[in-house]
Amino acid sequence: MAKVNLHQSIESIGQPRWNALCGIQYPFLRYEFLHALEASGSVSTATGWQPMHAELLDDDGNPLMLMPLYLKTHSWGEYVFDWAWADAYEHHGLNYYPKLLTAVPFTPATGPRFGTHLSPAEVMQQLPALVQSVCSQTHASSWHGLFLPQPELRCAPQPLLHRLGVQYHWFNRDYRNFDDFLDRFSSRKRKAVRRERKKVEQQGISLRRIRGKAITREQLDLFYRFYQMTYLKRGRQGYLAPDFFHRLHQSMPEQLLLILAELEGNAIAAALCFIGEDTLYGRYWGCMEEYDCLHFEACYYQGIEFCIEQGLARFDPGAQGEHKIQRGFEPIATGSLHWIAHPGFEAAIRDFLQQESPAMQEQMEALHGWLPFKQPDVQAQ
């Protein structure tokens, strides 16, 4: 295996070297996003996310691959749930934590997880030895790679366990406008969406889509208050510090879209999205009070309209939520890879996944039957 360097901060790698391999089209792997997480204190040893980024070098010392990597002391903020695995370890008197995680913190969005010029097959050839080596060095129980793209998942070799998940994404079928999109719906489902949008209008609420540098600091501060309210209603604090969002606004404004809801001239709710090369990512939402159907308008319908206007191919509105299906978001498979050091638990988890995967596939097939589209207009992804 080629030489591996571990970096306890992304700064020690630097923006030029990181972005040269990782690019900037996918917003969540670019240096500016990951650096903002660390510099704001949102990701740190204190929060249970110790950066341990892996750099794979060739024989001449040139970077072959960069991989975001974190030494975790809990499983919060991941959205691929392994609490039962941790409980089983504890029940048998073993330590599940620390574990190693290749993911974008607090971001359940499928996308590249390796910055490299290697092919997916070449990456997968290197990966098992790399993760075993780093787990040994850090005394980690396991390695987990979350929300990986399908090319990498298809090439994953036997030592890595593949776990199937499901999300709900919207796909642009070359729609001319929102009504053109709704024309694919059955009459009853089309009327339901129009009623939801009308309810927002009848409450006197207006929405604005604000991009990049046009977003003001005051608007960003208002958004952060709304974002925190989402968590406070559940008795928790949001994962992200306010400085995180301000840093993004300074370093990568061209990929930010703020959807601001206003009533009688006052902001009452907001959603923050990220613009990728061909995809809109809905990420954060919050409101001070509940308004009928406002969440659907701000987090789903405004994003769909933006994608149609900008010619974006896909809208990934975030994790979970079967209620998205009736609004035109289609079930799609997501995937993660796992390497477990303990042979007994590796066998047990492998057996669990072999039972879980067919159940997930059956669930996705059933969920396609919930789509609002006219038959046989449903196009499974």
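The values are calculated or read from the model by the stated rules, or taken from the named source; none is laboratory data. Just so we're clear, the structure is a prediction, and the values are computed from it rather than from any experiment. Note: ideal-geometry Cβ built from the backbone for every residue, glycine included; neighbour counts use all protein chains shown. Side chains included, ligands, DNA and RNA excluded: accessible areas come from the protein's heavy atoms. Shrake-Rupley method; radii C 1.70, N 1.55, O 1.52, S 1.80 Å.
Quick look at the numbers
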read-out	value
Between segment 280-344 and segment 138-185, the alpha-carbon center distance in angstrom	12 Å
Degrees separating the helix 343-368 axis from the principal Cα axis of the chain, which is the longest one	20 degrees
Degrees separating the helix 217-232 axis from the principal Cα axis of the chain, which is the longest one	70 degrees
Length released on extending from Glu264 to Gln326, taking residue separation times 0.36 nm less the Cα-Cα span	19.3 nm
Top of Trp76, Trp85, Trp339 by mean-square fluctuation, Gaussian network on the chain, Cα under 10 Å	Trp85
Aspartates and glutamates with Cα under 17 Å of Lys72, excluding same-chain neighbours fewer than 8 positions away	Glu38, Asp82, Asp87, Glu90
Of Pro27, Pro98, Pro343, the one that fluctuates the most in a GNM where the chain has Cα springs shorter than 10 Å	Pro343
Expected 222 nm ellipticity per residue - DSSP helices of 4 or more, -39500 (n - 2.57), all of the chain, to 500	-11000 deg cm²/dmol
Reachable lysines from Lys198, criterion Cα separation under 20 angstrom, eight or more residues apart if same chain	Lys189, Lys324
On Cα atoms only, tilt of 187-202 relative to the major axis of the chain in degrees	80 degrees
Tensor-based shape of the chain (alpha-carbon gyration tensor, a/c under 1.5 rounded, otherwise prolate or oblate)	prolate
Radius 11 Å from Cβ of Pro317, net charge of other residues (Lys, Arg +1; Asp, Glu -1)	+3
Surface share of carbon and sulfur [accessible, 1.4 angstrom probe, percent] for the chain	49 percent
Cross-link partners of Lys213 among aspartates and glutamates (Cα-Cα below 14 Å; sequence separation of 8 or more within a chain)	Glu254
Residue-normalised accessible area of the chain, expressed per residue, 1.4 Å probe, Å²	43 Å²
Cα→Cβ-extended label distance, 7 Å offset, between Thr45 and Ser136, nm	2.5 nm
Inter-site label distance for Lys374 and Leu118 at 7 Å from Cα along Cβ, in nm	5.0 nm
Value of relative contact order over the chain, rounded to a whole percent, pairs C-alpha under 8 Å and six or more apart	20 percent
The chain: most fluctuating residue of Ala366, Ala109, Ala270 per GNM, C-alpha cutoff 10 Å	Ala366
